[in-house]
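What follows is a short report on a single structure.
The values are calculated or read from the model by the stated rules, or taken from the named source; none is laboratory data. Keep in mind that what you see is a predicted model, and the values were worked out from it rather than measured. Note: ideal-geometry Cβ built from the backbone for every residue, glycine included; neighbour counts use all protein chains shown. To get the accessible areas, we keep the full protein, side chains included, count just its heavy atoms, and leave off ligands, DNA and RNA. Shrake-Rupley method; radii C 1.70, N 1.55, O 1.52, S 1.80 Å.
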Amino acid sequence: MNVASLLKAKGRAVATASADQTLLDIASALAHKKIGAIVILGESGDVAGIISERDLVKAIATGGAAMLERPVGEAMTRDVISCSEDQTMEELMEIMTKGRFRHVPVYSDGKLSGIISIGDVVKNHIAEVEMEVSAMRDYLATG
Ligand code: AMP
């Protein structure tokens, strides 16, 4: 399975916000959408950063609750690692494991075309393992 096939099955919606929105806006959006990260867009619409629940926890732990009124640009990660649609799920797992993060924005033709979370990767992996087990059972039953 590659990234394109997974996006076809799960959809291409990406939750985004702008860098001047507050951390409280981000916390509300994460809670409301039941997701773990939001991609931050710059004025030109390009990806300017990514903010995850982990960044929010860190900001509050270091700056207190007052941080919730600060702009997301102060807490987001600017150096965003992305992937392309032709990459495999194995490659994505490696990117996430090496980078120690759980979200990877996807680019196609230079444009943001989706996002894959570790939840998507695990769900896909379980489905593949279940298919293998089922095929093995069929083989043993009929062989
Ligand atoms: P996460 O595991 O996704 O909650 O993110 C852990 C940390 O990595 C946070 O500081 C995020 O801002 C950062 N992060 C998440 N995704 C990416 C990514 N694709 N590229 C770079 N940093 C990321």
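For this structure, a couple of remarks:
- Portion, in percent, of the accessible area of the chain that falls on carbon or sulfur, probe 1.4 Å: 55
- Per-residue ellipticity at 222 nm, computed for the chain from helices alone with -39500 (n - 2.57) per DSSP H run of at least four residues, works out to -14500 deg cm²/dmol.
- Net length gained if the chain between ASP86 and LEU140 were fully extended (0.36 nm per residue, minus Cα distance): 16.0 nm
- Anchor LYS111: aspartates and glutamates whose Cα lies under 17 Å away (excluding residues fewer than 8 positions away in-chain): GLU43, ASP46, ASP79, GLU85, ASP86
- Helix axis angle, 118-142 relative to the chain longest principal axis, alpha carbon, degrees: 10
- Cα Rg over Rh - the chain, Kirkwood: 1.09
- Neighbour-limited loop hits for GluC sites (Glu not before Pro), the stretch 41-74 (at most 13 other Cβ within 10 Å; DSSP other than H, G, I, E, B): GLU43
- Antiparallel DSSP beta bridges within the chain, percent to nearest 5: 75
- Spin-label pair ASP109/GLU130, simplified geometry with 7 Å Cα→Cβ offset, distance in nm: 3.4
- Calculated FRET value between ASP25 and VAL57, using beta carbons and R₀ = 25 Å, to 0.05: 0.95
- For the chain, the longest principal axis of the Cα atoms and the long axis of helix 53-63 meet at an angle of about 30 degrees.
- In straight-distance terms, cross-link reach from LYS33 covers every one of the lysines whose alpha-carbon lies under 16 Å from its own, apart from those fewer than eight places away in the same chain; here that gives LYS10.
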